[in-house]
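Trainee: Just passing along the structure, written as structure tokens.
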Amino acid sequence: MMQIKVSMTLAEVMDAYPAMAREFERRGLDYCCGGRRTLGDACVLVGIDPDETVAELTSAVVIDSALPVWATMSVEALVDHLEATHHRYLWGEMPRVTALIDKIVTVHGARHPELRDVAACFVRVRADLEPHMLREERVLFPMIRELAASTELPTFHCGSLRDPITVMLGEHDAVGHLLAELHRLTNGYTPPADGCASYAACFAAMAELEADTHLHIHKENNVLFPLVVRLEDERAPVGR
């Protein structure tokens with residue numbers, strides 16, 4: 001069993017102990033776009049004590065020494081998993097959340113004008129995520145599958161897969177910032193005292209979507225993309 005240390009990156013902790021996701025979310029520790037930060041640096045960034053946090057994480061989470069299935073998948077299997085799990089979830093859930101937001105804006109917007117900002121922010125989240133997922137499904141993921149199936153380095157229109165991966169990383173950062181803004185606008189997805197059942201359902205759905213997207217981005221940034229870069233290097237001609 002790996003001991004959690006302040007010198008570990010958030011990505012390393014997540015890969016070993018995926019149950020940490022909820023604890024990281026609760027403390028505002030960004031393990032997806034900020035996964036390369038050490039636990040100590042991430043704690044300092046959000047103003048919490050690193051040593052106390054390590055102690056709390058160790059005692060609060062039942063640690064399973066087995067790696068999650070997705071952490072040991074092949075490149076092809078991981079791409080399939082991302083599409084079947086996180087992409088499918090978002091394609092189905094984002095329209096549902098939009099409908100819920102529209103409903104509570106109509107009913108509660110006069111008393112809670114901040115809902116207009118929530119609605120506008122979620123529109124931007126969808127506007128970023130939907131074309132991003134299409135580019136992955138139609139362009140990047142097929143190229144990754146081709147690379148994995150080849151014994152030599154294929155010729156891609158983009159040259160190295162590092163180029164589209166860099167674009168994806170930048171888009172992940174942008175979505176991460178939007179989700180942080182949505183979190184702020186909703187006071188951590190806490191519905192007001194006069195909120196109806198739809199209000200509570202909407203905020204709960206947004207909280208779940210944020211958590212799922214954080215894990216989704218972590219799997220791509222910190223697991224899939226490094227595997228792809230390493231595989232591309234292995235397929236490259238000697239002396240390249």
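The values are calculated or read from the model by the stated rules, or taken from the named source; none is laboratory data. Keep in mind the model is a prediction, meaning the values are calculated, not measured. We place every Cβ from the backbone using ideal geometry, glycine too, and count neighbours over all the protein chains shown.
Trainee: So which residues in the range 17-34 are acidic (Asp, Glu), closer than 13 Å to His183 by Cβ and in a helix (DSSP H, G or I)?
Mentor: Across the range 17-34, the qualifying residue is only Glu25.
Trainee: Sticking with this structure for a sec: Failed condition for Thr98, given (1) modelled with pLDDT under 95; (2) under 18 Å from Ala201 (Cβ atoms); (3) not hydrophobic (A, V, I, L, M, F, W, C), with all others met?
Mentor: Every listed condition holds for Thr98 apart from (1).
Trainee: Based on what the data block shows, is Arg111 out of contact with any helix residue (DSSP H, G or I) (no Cβ under 6 Å at 6 or more places or on another chain), more than 17 Å from Ala193 (Cα to Cα), of a type in the set (D, E, K, R) and surrounded by fewer than 16 Cβ atoms within 10 Å (Cβ to Cβ)?
Mentor: No; evaluated as a whole, the condition is false for this residue.
Trainee: Here is a follow-up. Looking at (1) surrounded by fewer than 16 Cβ atoms within 10 Å (Cβ to Cβ); (2) of a type outside the set (D, E, K, R); (3) in contact (Cβ under 8 Å) with a residue 24 or more places away in the chain; (4) within 15 Å of Ile101 (Cβ to Cβ), can you tell me which one Ala204 breaks?
Mentor: Every condition holds for Ala204 apart from (3).
Trainee: Still on this structure: Among the residues of the range 68-77, what is the count of those that are closer than 14 Å to Ala149 by Cβ, in contact with a helix residue (DSSP H, G or I) (Cβ under 8 Å, 6 or more places away or on another chain) and either crowded, with 16+ Cβ neighbours inside 10 Å or free of Cβ contacts under 8 Å to residues at least 24 places away in the same chain (or both)?
Mentor: Total satisfying the criteria: 1.
Trainee: Hey, another quick one. Within the range 1-42, restricting attention to residues that are under 16 Å from the mean Cα position of the chain (by Cα) and among the small types (Gly, Ala, Ser), which residue is farthest from Asn187 (Cα to Cα)?
Mentor: Ala11
Trainee: For the range 4-38, how many residues meet the condition of being touching a helix residue (DSSP H, G or I) at 6+ places or on another chain (Cβ under 8 Å) and without any contact (Cβ under 8 Å) to a residue 12 or more places away in the chain?
Mentor: 0
Trainee: Find the residue count for the range 24-53, including only residues that are under 24 Å from Met168 (Cα atoms) and charged (D, E, K, R).
Mentor: Of the residues in the range 24-53, 4 are under 24 Å from Met168 (Cα atoms) and charged (D, E, K, R).
Trainee: Where in the range 123-240 are the helices (runs of 4 or more DSSP H), entirely inside, with at least 3 residues that are under 24 Å from the mean Cα position of the chain (by Cα) and under 19 Å from Arg88 (Cα atoms)?
Mentor: Ranges flagged: 141-149, 162-185, 197-218.
Trainee: Right, next: Is it fair to say Arg96 is within 15 Å of the chain's Cα centre (by Cα) and part of a helix (DSSP H, G or I)?
Mentor: In short, no.
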